[in-house]
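> Pasting in a structure now, in structure tokens, and then I'll have a few things to ask.
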Amino acid sequence: MMLRRGFLVFLPRLAGLLVVACCSVSIVYMLACTPKGDDEQLALPRAHSPTGKEGYEAVLQEREEQHHDYIISLKKQIAQLKAELQGRNEQLKNMQEQLPDSLDVQLDHSNPAKVQANLLAFLRSQIAKAEVHSGFKLSTEYAVVPFESFTLQKVYQLETGLTRHPEEKPVRKDKRDELTEVIELALGSLNHPEADSNARQRVFTASDFIEGIYRTEKDKGTLYELTFKGDAKHQFKKIVLFRPFGPVMKVKNENVNMADTLINIIVPLAKRASKFRQFMQNFREMGIQQDGRIHLTVVYFGKEQMNEVKSILENTSKSANFKNFTFIQLNEEFSRGKGLDIGARVWKGNNVVLFFCDVDIYFTAEFLNSCRLNTQPGKKVFYPVLFSQYNPSIIYGHHDSIPPLEQQLIIKKETGFWRDFGFGMTCQYRSDFINIGGFDLDIKGWGGEDVHLYRKYLHSNLIVVRTPVRGLFHLWHEKRCPDELTPEQYKMCMQSKAMNEASHGQLGMLVFRQEIETHLRRQKLNSKKT
């Protein structure tokens, strides 16, 4: 028994010794039989060795086999990459099919359910594409789309023009409705949370709204971020909403032929013969020579300078072989509204586009086409926003001389401004003007009649096209503020005059001219001392 127990104890030790011995033998064998290193393998056999030629061929064959195996491996990898690329292309194609273009959504009426699903997928994709969850890299500081802020009563905006204010109540109904809807949706989200809870929920009202900010990416949608009072001090509720813009849809595709569309330019005038001569130079070049489908009606008040004006008109008629004009003379006090109204009603031909114009206006042939394209009888009237020129003497005061008029007509911040408070230059068909009731003839003098007509069109079912145009300019002329005005009227007149004289920066240079000149003199003295 003891012998057996000793054997059992010795047996594991013997097995261990055998394993160690086998490992030792294996290591010795591997060291003895392992092929030589790469450098030794690649060494060519000596030319005079007994096996030189055979060895050389063997090495070449081995290297060729290695290259062949390597090429096969590369081909397999290329094939795998091609297959993966094809798979990615298929995925991209499937995604594009799931997000159809605008025409698919509009035209595929055979499957309404699919159209609805595609449209919903498109709207959701707009959120992913917009700058909602993360920012985008922008090229310059001017590429950012700024937010505007709002409260229950006011909107705080960056783009004000000349008629809007940095802080104002939203005047336009669409803007009021938009912000009201957003606040109501936010309150609905706060008062009806998606998570089920048995705890009693606080009821939020409009009085809890603190402020909101919003901005619009024109091709994606409008982002709204609204802040409400929270449950305790220094706690707030924030709701983020997004109004995605739907896909662009084709509404109309038509050919428009304006070859026979005549424009009757009506100009009311009293005195100002020199300005009329400048106007006729522009009329001759743009209206007669370049456009050619035009009629001119001049309604002249009084007799002073009338012969000079008629002479300018007749000389242009002879030199340009132009007969399409009408001259009407009225022996009464000037009234712009009455002059335009008479000029429109005296026309006896077919329905014609009327362009109500002033003598200090410069237009291009391109504008005349815009006048035709943005008017349609019974449908549309055109109220362009023209570019108003600053005082050339101030703009070009640091130049040796003021450049010719055509070179001054540049749309820049330093040269003028969009006259978005003016409604006097307008295009409409004569039938629409007659049907709307024409001008209010009780308004005398200059001003007021244009706004009255504009409001008539706004209160009608006609579409009013209001847009800045690059081919219509108001030429600067001195504005006089007569002594008969009351102190308040005189102040307003001077403010208007300042606005038409120069830009903010240019007026500032005039105000600080003395300080600037003092600085320049000091700099000159210091340079002489050094």
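The values are calculated or read from the model by the stated rules, or taken from the named source; none is laboratory data. Just so it is clear, the model here is predicted, and its values are computed rather than measured. Neighbour counts run over all protein chains shown; Cβ positions are idealised from the backbone, glycine included. Just so you know, the surface numbers come from the protein's heavy atoms only, side chains and all, with ligands and any DNA or RNA stripped out. Shrake-Rupley method; radii C 1.70, N 1.55, O 1.52, S 1.80 Å.
> Right, I183: within 26 Å of G246 (Cα to Cα), of a type outside the set (F, W, Y), modelled with pLDDT of 85 or more and touching a Phe, Trp or Tyr at 6+ places or on another chain (Cβ under 8 Å) or not? Please lay out each step first, then the result.
Details: within 26 Å of G246 (Cα to Cα): yes; of a type outside the set (F, W, Y): yes; modelled with pLDDT of 85 or more: yes; touching a Phe, Trp or Tyr at 6+ places or on another chain (Cβ under 8 Å): yes.
Judged against the criteria, I183 is a match.
> Here is a follow-up. Of Q281, Q290, which residue is open to solvent by 70 Å² or more (accessible area, probe 1.4 Å), within 35 Å of the chain's Cα centre (by Cα) and not assigned by the TED database to the domain that holds G212? Walk me through it before giving the result.
Working: Q281 fails: within 35 Å of the chain's Cα centre (by Cα).
Sole residue among the options that is open to solvent by 70 Å² or more (accessible area, probe 1.4 Å), within 35 Å of the chain's Cα centre (by Cα) and not assigned by the TED database to the domain that holds G212: Q290.
> May I ask you to verify whether V346 is of a type in the set (A, V, I, L, M) and more than 39 Å from the chain's Cα centre (by Cα)? Before the answer, list the steps.
Values: of a type in the set (A, V, I, L, M): yes; more than 39 Å from the chain's Cα centre (by Cα): yes.
Judged against the criteria, V346 is a match.
> Just the residues that are more than 20 Å from I411 (Cα to Cα) and of a type in the set (A, V, I, L, M), please, taken from segment 455-500.
L458, L462, I463, V464, V465, L485, M492, M494
Results for (1) within 41 Å of the chain's Cα centre (by Cα); (2) over 27 Å from Q389 (Cβ atoms); (3) part of a helix (DSSP H, G or I), shown as yes or no for each residue.
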site: Y490; (1), (2), (3): yes, no, yes
site: C493; (1), (2), (3): yes, no, yes
site: S496; (1), (2), (3): yes, no, yes
site: M499; (1), (2), (3): yes, no, yes
site: Q506; (1), (2), (3): yes, no, yes
site: L510; (1), (2), (3): yes, no, yes
site: E515; (1), (2), (3): yes, yes, yes
site: H519; (1), (2), (3): no, yes, yes
site: L525; (1), (2), (3): no, yes, yes
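> Please determine whether any residue of segment 253-268 is at pLDDT below 90 and either open to solvent by less than 80 Å² (accessible area, probe 1.4 Å) or in contact with a His (Cβ under 9 Å, 6 or more places away or on another chain) (or both).
Within segment 253-268, the subset at pLDDT below 90 is 253-256.
After this cut, where a residue has to be either open to solvent by less than 80 Å² (accessible area, probe 1.4 Å) or in contact with a His (Cβ under 9 Å, 6 or more places away or on another chain) (or both) as well, the list is none.
Within segment 253-268, none of the residues are at pLDDT below 90 and either open to solvent by less than 80 Å² (accessible area, probe 1.4 Å) or in contact with a His (Cβ under 9 Å, 6 or more places away or on another chain) (or both).
> Mind checking which strands (runs of 3 or more DSSP E) fall wholly inside segment 318-377 and carry at least 3 residues that are hydrophobic (A, V, I, L, M, F, W, C), open to solvent by less than 50 Å² (accessible area, probe 1.4 Å) and closer than 13 Å to T426 by Cα?
Working: elements: 325-330, 353-356, 361-363.
Ranges flagged: 353-356.
> Another question about this same structure. Does any residue of segment 258-277 turn out to be more than 30 Å from W347 (Cβ to Cβ) and aromatic (F, W, Y)? Break it down stepwise before answering.
First, pick out the residues of segment 258-277 that are more than 30 Å from W347 (Cβ to Cβ): none.
Looking through segment 258-277, none of the residues is more than 30 Å from W347 (Cβ to Cβ) and aromatic (F, W, Y).
Each row is one residue, and each column tells you yes or no for (1) aromatic (F, W, Y); (2) touching a strand residue (DSSP E or B) at 6+ places or on another chain (Cβ under 6 Å); (3) in contact (Cβ under 8 Å) with a residue 12 or more places away in the chain.
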site	(1), (2), (3)
W476	yes, yes, yes
P482	no, no, no
P487	no, no, no
Q495	no, no, no
N500	no, no, yes
H519	no, no, no
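> Something else now. Restricting to segment 128-152, and then to whatever is within 25 Å of I210 (Cα to Cα) and aromatic (F, W, Y), can you tell me which residue is surrounded by the most Cβ atoms within 10 Å (Cβ to Cβ)?
Step by step, filter segment 128-152, then rank; the result is F150.
> Going through segment 378-411 one residue at a time, which ones are open to solvent by 70 Å² or more (accessible area, probe 1.4 Å), over 24 Å from F283 (Cα atoms) and either part of a loop (DSSP other than H, G, I, E, B) or touching a strand residue (DSSP E or B) at 6+ places or on another chain (Cβ under 6 Å) (or both)?
K379, H398, H399, D400, S401
> Can you name the number of the only condition in (1) aliphatic (A, V, I, L, M); (2) modelled with pLDDT of 95 or more; (3) under 30 Å from N500 (Cα atoms) that V385 fails?
The one condition V385 does not meet is (2).
> Could you list, in sequence order, the residues of segment 201-252 that are more than 30 Å from R372 (Cβ to Cβ), open to solvent by 50 Å² or more (accessible area, probe 1.4 Å) and of a type in the set (K, R)?
R202, K229, K233, K237, K238, R243
> Take the residues in segment 240-278 that are of a type outside the set (D, E, K, R), under 27 Å from the mean Cα position of the chain (by Cα) and assigned to a strand (DSSP E or B), then tell me which one is nearest to I210 (Cα to Cα). So that I can check it myself, show each step before the final result.
From segment 240-278, those of a type outside the set (D, E, K, R) are 240-242, 244-249, 251, 253, 255-259, 261-270, 273-274, 276, 278; that's our starting set.
From the residues that got through so far, the ones that are under 27 Å from the mean Cα position of the chain (by Cα) too are 240-242, 244-249, 251, 253, 255-256.
Imposing the further condition that a residue be assigned to a strand (DSSP E or B) reduces the set to 240-242, 244.
Working: V240: 14, L241: 16, F242: 19, P244: 24 Å.
Restricting to residues being of a type outside the set (D, E, K, R), under 27 Å from the mean Cα position of the chain (by Cα) and assigned to a strand (DSSP E or B), the top hit is V240.
> What single numbered condition from (1) farther than 18 Å from F421 by Cβ; (2) of a type outside the set (A, V, I, L, M); (3) in contact (Cβ under 8 Å) with a residue 40 or more places away in the chain fails to hold for F387?
Among (1) farther than 18 Å from F421 by Cβ; (2) of a type outside the set (A, V, I, L, M); (3) in contact (Cβ under 8 Å) with a residue 40 or more places away in the chain, F387 violates only (1).
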